[in-house]
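The block underneath contains the structure these notes are about, expressed in structure tokens.
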Amino acid sequence: MYVKIWSASVFGIEGRLIEVEVNISSGLPQVAVVGLPDSAVRESVERVRAAIQNGGMKFPLDRVTINLAPADLRKEGSAFDVAIAAGILCASGQVDPALLADTMFIGELALNGSVRGVPGILPMTELARATGIRRVVVPRSSVAEAQLISGIEVFGIGSLAEWINGFLDDVETTPEVTDCPSLWGRSTRGRKAVESENAFDLADVIGQEKGKRALLIAASGMHNLMFVGPPGTGKTMLCRRLPTLMPPLDEDEALSVTKIFSVSGKLGKSDSGLIRQRPFRAPHHSISAAGLIGGGSIPKPGEVTLAHHGILFLDEMPEFSRACLESLRQPLEDREVTIGRARGVCRFPARFMLAASMNPCPCGFLGGSIADRPCTCTPTAIARYRARMSGPLADRLDLQVELPRQTARRADSPAMTSAQAREIVAEAAERQRRRYSKYGFRWNSQLHGAYLHRFAALDSEAESLLRQVYEQLGLSFRAHDRIVRMSRTIADLAGRERIALEDVTEAVGYRCLDERVV
């Protein structure tokens, strides 16, 4: 007997529809899985066999052929286990196939028949709705995640026996709740959208007013940022507080970020709903280029994708390998990562803010003001240290801020808190949202081409100043445009619709790496 069951896999961060075809014919007992399965899929036969038998059902003693279509797409992972088991039970006559029409099955089986969660439930459920499938059967631990997608019935099962006794008999099902939709029609049952508390506060940083101002500009316009200074000046402290200044993710951004974390298996089992806080990723400097950008025989998201709509923080940036740092150039420009493999090309979103820190030299005390701690680095060592970050990469850092060593241990006056700074950033972000609402982007850092000339036009005085700086510092066209974008953000913070001369003057002051070249 032949049956077809719907399942799904993930390619990149999007779901792919998979047809699980099962045919049982007379012959010697044998099970064959075809359709480019990987080791985990081939091993599913033994998991399914034990799960069916331990669930009180019979595994057929005939020739069983399982085809995963499309046959030219590589299949990996354990998400097909439940679909294969359902296909075998239907093809062997133990379950009526008509009951499984318009149903997608996702989940991994244990030997005792229990159903385990798998990554990527959210994009696979979204795919089921998009292709017209009416219901999806998922592990019980993944029901809340699947219910974030509206317009489709979600059934959670804990074991094969529960599926037979519950789902097929319409007993103790868990359909999607439609009486409490979100603004975008997504159910919020079981996963309440709440923001977690953050222990970091901008008021904890003593002094460094220029650094705090740079944080405001970076957070308001999603500009890339680097702090340069000796050890202990607060570079890492400032960058760690960036997420507390930024507005929460909107509905589209939250769904996109949640899908990425779902595919990566990092969503967890919390009931917090869509991720609302902007991601903050801080990989160790020993990370590989594939770990940073993404890769694998079947590409998986890297740190730049996990930081989508959030912040990628590289502490002590020159300590990262040259290959890692240079691999950031294309994502910073194109806002996506393109990974080509023999079986196809995969694209991951990577619209993140790069925040970084570095010392002025390997020992960290070059140009310091402490007499008994002079710099001990040779000119060759300093040149080699700085050469790890190339000129084209430095060009892509909008704000390059030098932080001096602080002498006072206590603040003379009450410092700005993260809550106060967040209100300022929110006002500037709202101006940008209204201004660019018809043009498909949101932040000043995304201005390009005709939009840059239209929304960030400079008057004659500002243009003259920028031309002079361009010639004296030997800036590139890219650095020139980034200064203009920063000027647009500074004007938004001041509530000005037109860019003033003082906005350009302040933006030029945040290019310390360019000044060192002169």
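Quick note: the coordinates plus some simple rules give every number you see, no bench work behind them. All values reported here derive from a predicted model rather than from experimental measurement. Note that each Cβ is placed from the backbone with ideal geometry, even for glycine, and that neighbours are counted across all protein chains shown.
Brief remarks follow.
- Exposure proxy ranking, count of Cβ atoms within 10 Å, fewest first, for H453, H480: H453, H480
- Column: log10 I(q)/I(0), Debye, Cα scatterers of the stretch 2-167, q = 0.15, 0.17, 0.19 Å⁻¹: -0.73, -0.95, -1.22
- Model label sites at R498 and S141, defined 7 Å from Cα along the beta-carbon direction, differ in position by 6.1 nm.
- Adding -39500 (n - 2.57) for every DSSP H run of four residues or longer, then dividing by how many residues the chain holds, sets the calculated 222 nm ellipticity at -9500 deg cm²/dmol.
- Simple label model, 7 Å out from Cα along Cβ direction - L465 to R405, nm: 3.3 nm
- Using only the C-alpha atoms, the convex hull of the stretch 447-518 corresponds to 78 Å³ per residue.
- Two-site FRET efficiency, T417 against D102, from Cβ-Cβ distance with R₀ of 56 Å, rounded to 0.05: 0.60
- Extension gain for the segment V345 to E333, taken as residue separation times 0.36 nm less the Cα-Cα distance, is 2.4 nm to one decimal.
- Angle in degrees between helix 81-91 and the longest Cα principal axis of the chain, rounded to the nearest 10: 20 degrees
- Whole-number percent relative contact order across the chain, with pairs defined as alpha carbons under 8 Å at least 6 apart: 13 percent
- For the chain, the longest principal axis of the Cα atoms and the long axis of helix 418-435 meet at an angle of about 80 degrees.
- FRET efficiency estimate (nearest 0.05) - Cβ-Cβ, K266 to R435, R0 30 angstrom: 0.30
- Listed by Cβ neighbour count within 10 Å, with the fewest neighbours leading, T131, T489, T244 appear as T131, T244, T489.
- Measuring r between the beta carbons of K210 and S26 and using R0 = 60 Å, the FRET efficiency lands at 0.15.
- Rounded to the nearest 20 debye, the dipole magnitude of the stretch 2-167 is 180 debye, with +1 charges on Lys and Arg beta carbons, -1 on Asp and Glu beta carbons, and the Cα centre as origin.
- Magnitude of the charge dipole, the chain, Cβ model with Lys/Arg +1 and Asp/Glu -1, debye to 20: 840 debye
- Lys pairs, the chain - Cα-Cα below 24 angstrom, 8 or more residues apart or on other chains: 14
- Legend: ranking of residues F261, F80 from fewest to most surrounding C-beta atoms inside 10 Å; resulting order F261, F80.
- Relative to the longest principal axis of the Cα atoms of the chain, helix 251-263 runs at roughly 60 degrees.
- Amide H contacts of V31: V64, each under 5 Å away and 5 or more positions distant or on a separate chain (H built 1.01 Å from N in the peptide plane; Pro and chain starts excluded).
- Potential lengthening between S150 and Q94 on full extension [0.36 nm per residue; Cα-Cα distance subtracted]: 17.0 nm
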